[in-house]
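Report on the structure given below.
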Amino acid sequence: MTGAPGAVLAARGVVAGWGSANVLNGVEIRVAAGERLAVLGPNGAGKTTLFDVLSGRLRPRAGSVALAGNDVSALPLHRRARLGLGYVPQTPTAFPDLTVWENLLAALESPARRGAPPDPEQAERGLARFGLVAARDRKAGVLSGGERRRVEVLRALLCRPVALLLDEPFAGLDPAGRKALTAGLASLPPRTALVVTDHAADDVLALCDRVLLLIDGAVVFDGPVTDFDPGDPAYRRYFGGIA
């Protein structure tokens, strides 16, 4: 698979799971440059498993994954990063003993930047956009959950991804933290594709222009946010628990 035309990130017929059970059953996904895709679904729907497959943490049992026209189905996460995939998982990834600024400098030196020279001014601008100027010289290990998550997202963006995966970026954040993260994400480069999943559906939908809804490991809705109608049975099952 070399990717669907116009897609910077694509999965075709993905079957995957942990142990003997399949969690995903023939999932298809296409994300174009600059597109903002929300992946929603109830607990156990397969959202995190899908992100594991897209990121390279889990190899699919069937199907394929393509990034920027390259078949990456068998590549691990760090190899996909060098092809332009950014990924911020649920678990903390900021270096706790480094300051915020040192975490950002590490990103500027990353091979994932694909030869682009370090640009400290870009990191300075990012601090302002993500509301982190006051935290610049604090160690990441003493940051609040919202500050740490913003550092992790900004660090991923400094690696110049063509596609950025965010797994539960709003989890555990207070209203101020959600607002600051949303403001930072609003400044994503226009060509960077964003794929985000979170139970904070209102925050995610405010960022995205398209929704993919997973239930029981299958896609039951894929379309514009404006067409994600409360009257749709899949929508009601997700938000209201109606079978």
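Which ones in segment 176-218 are part of a loop (DSSP other than H, G, I, E, B), open to solvent by 40 Å² or more (accessible area, probe 1.4 Å) and touching a residue at least 40 places away in the same chain (Cβ under 8 Å)?
Across segment 176-218, the qualifying residues are Ser187, Pro190, Arg191, Asp209, Asp216.
Considering (1) within 20 Å of Ala81 (Cα to Cα); (2) in contact (Cβ under 8 Å) with a residue 40 or more places away in the chain; (3) not in a loop (DSSP other than H, G, I, E, B), say which one Val15 fails and leave the rest.
Answer for Val15: the failing condition is (1).
Is one or more of the residues making up segment 17-29 open to solvent by 30 Å² or more (accessible area, probe 1.4 Å), of a type outside the set (Val, Ile, Thr), within 21 Å of Pro190 (Cβ to Cβ) and at pLDDT below 95?
Scanning segment 17-29, I find no residue that is open to solvent by 30 Å² or more (accessible area, probe 1.4 Å), of a type outside the set (Val, Ile, Thr), within 21 Å of Pro190 (Cβ to Cβ) and at pLDDT below 95, so the answer is no.
Name the residues in segment 188-243 that are modelled with pLDDT of 90 or more and among the hydroxyl-bearing types (Ser, Thr, Tyr), would you?
Selection gives Thr192, Thr197, Thr226.
Among the residues of segment 115-122, is any within 16 Å of Val196 (Cα to Cα) and not basic (Lys, Arg)?
There is no residue in segment 115-122 that is within 16 Å of Val196 (Cα to Cα) and not basic (Lys, Arg).
Ala116 passes all but one of (1) assigned to a loop (DSSP other than H, G, I, E, B); (2) of a type in the set (A, V, I, L, M); (3) open to solvent by less than 30 Å² (accessible area, probe 1.4 Å); (4) at pLDDT 95 or above; which number fails?
Among (1) assigned to a loop (DSSP other than H, G, I, E, B); (2) of a type in the set (A, V, I, L, M); (3) open to solvent by less than 30 Å² (accessible area, probe 1.4 Å); (4) at pLDDT 95 or above, the lone unmet condition for Ala116 is (4).
Of the residues Gly141, Gly131, Gly145, which single one is in contact with a Leu (Cβ under 7 Å, 6 or more places away or on another chain) and not hydroxyl-bearing (Ser, Thr, Tyr)?
Criteria check complete, one pass: Gly145.
Is it true that some residue in segment 89-104 is under 22 Å from Leu212 (Cα atoms), part of a loop (DSSP other than H, G, I, E, B) and either modelled with pLDDT under 95 or of a type outside the set (Val, Ile, Thr) (or both)?
Within segment 89-104 (the criterion being under 22 Å from Leu212 (Cα atoms), part of a loop (DSSP other than H, G, I, E, B) and either modelled with pLDDT under 95 or of a type outside the set (Val, Ile, Thr) (or both)), the answer is yes, since at least one residue qualifies.
The values are calculated or read from the model by the stated rules, or taken from the named source; none is laboratory data. All figures in this text were calculated on a predicted structure; none of them were measured in a lab. Neighbour counts are summed over all protein chains in view; Cβ atoms, including those assigned to glycine, are modelled from backbone coordinates with ideal geometry. Note: accessible area is taken over every heavy atom of the protein model, side chains too, but ligands, DNA and RNA are not part of it. Shrake-Rupley method; radii C 1.70, N 1.55, O 1.52, S 1.80 Å.
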